[in-house]
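S.K.: Shown below is the structure under consideration.
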Amino acid sequence: QTLNGFEQTLVIDLLYEYLLITEPREIYFYYLGEKTNSDQALKLLDKYKKELATRLEKSKFVQSKIECVKGHLMELNGVNEVSTKHFKDAIILDPKNDWAWYKIGKYNKDKSSHYANKEKYLVRAIECYSHAIKISPYEGIYYFFRAEALLKMGMENEALFDFVESLNYGYVSHKVYDHIIDICISMKDYNKSIQYLYESISYSNRDKDKFK
């Protein structure tokens, strides 16, 4: 499977870091090629894992990132339970791995939509997103997903704050604006809802200009 957007940037950046250290070029090409083979990429990661650890004196930081990449590859293959184990292992190796916290948060948020006792999973998701934000407070996407979880818990004020923060830190999308406008209307703050409606229209126009 090919990657796109935010996740592609994260994974490619991670693999590029490995290239600078060990030059396992096959892994990089499997991701960038037209026919991405995630199974083969997993085998290559296993092949280079020992070499990476040895060259960097068994750096837990690097091993944690490798677990994240493996977790993402398993996620692409639809094996979410196994992917989550890799993300948990990544946190054990490096508790400051914000991407791993984000991924576990997303896993719990997704589970809240399919299992009973959804509040339990939403609380876990919010805790994980909060860890990610504490480690990396300038990643707008972390605020966005925490906001969605907060909104599902009925915490409109907190969710509104996080949606606005996601915009402030560069995670701009129609979905963010839609959430903000809906919350403002629910709170009867019509002036603010109109303000963000205009911002959303302005964003749409800029988005269209990119393709002219």
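S.K.: Lys109: net charge of surrounding residues, Cβ under 10 Å, Lys/Arg +1, Asp/Glu -1, itself excluded?
M.R.: Charge balance near Lys109 sits at +4.
S.K.: Report D for the stretch 101-212 in µm² per second (integer): Stokes-Einstein, Kirkwood Rh on Cα pairs, 25 °C, 0.890 mPa s.
M.R.: The estimated diffusion coefficient comes to 169 µm²/s.
S.K.: Now a separate question. Compute the Cα gyration tensor for the stretch 112-167, then decide on rounded, prolate or oblate, letting a ≥ b ≥ c be the square roots of its eigenvalues: rounded whenever a/c is under 1.5, prolate when a/b is larger than b/c in the other cases, and oblate in all that remain.
M.R.: Judged from the Cα gyration tensor, the stretch 112-167 comes out oblate (a/c at least 1.5, b/c at or above a/b).
S.K.: Go through 112-121, 163-172 and give me the packing order, highest mean Cβ count within 10 Å leading.
M.R.: 163-172, 112-121
S.K.: Keeping every protein chain present and rolling a 1.4 Å probe, give me the accessible area per residue for the stretch 99-168 in Å².
M.R.: Per residue, the stretch 99-168 has 45 Å² of solvent-accessible surface.
S.K.: Next question. Please calculate the 1.4 Å probe accessible area of Ser173, with all protein chains present, and give it to the nearest 10 Å².
M.R.: Approximately 30 Å² of Ser173 is accessible to the 1.4 Å probe.
S.K.: Probe radius 1.4 Å, ligands and nucleic acids left out: which of Arg146, Arg124 has the largest accessible area, and how do the rest follow?
M.R.: The most accessible residue leads, giving Arg124, Arg146.
S.K.: Arrange the peptides 126-137, 149-160 so that the one whose residues have, on average, the most other Cβ atoms within 10 Å appears first.
M.R.: The densest-packed peptide leads the list: 126-137, 149-160.
S.K.: Another question about this same structure. Kindly identify the stretch 142-193 as rounded, prolate or oblate by the Cα gyration tensor criterion: order the square roots of the eigenvalues as a ≥ b ≥ c, call it rounded if a/c is under 1.5, otherwise compare a/b with b/c, prolate if a/b is larger, else oblate.
M.R.: Because a/c hits 1.5 or more and a/b fails to exceed b/c, the stretch 142-193 counts as oblate.
S.K.: Over the stretch 60-212, what percent of the accessible surface lies on carbon and sulfur atoms, probe 1.4 Å?
M.R.: Reported share for carbon and sulfur atoms: 54 percent.
The values are calculated or read from the model by the stated rules, or taken from the named source; none is laboratory data. Please read all numbers here as calculations on a predicted model, not as lab measurements. Backbone-built Cβ (ideal geometry, glycine too); neighbour counts: all protein chains shown. Side chains are part of the model used for accessible areas, which takes the heavy atoms of the whole protein and leaves out ligands, DNA and RNA. Shrake-Rupley method; radii C 1.70, N 1.55, O 1.52, S 1.80 Å.
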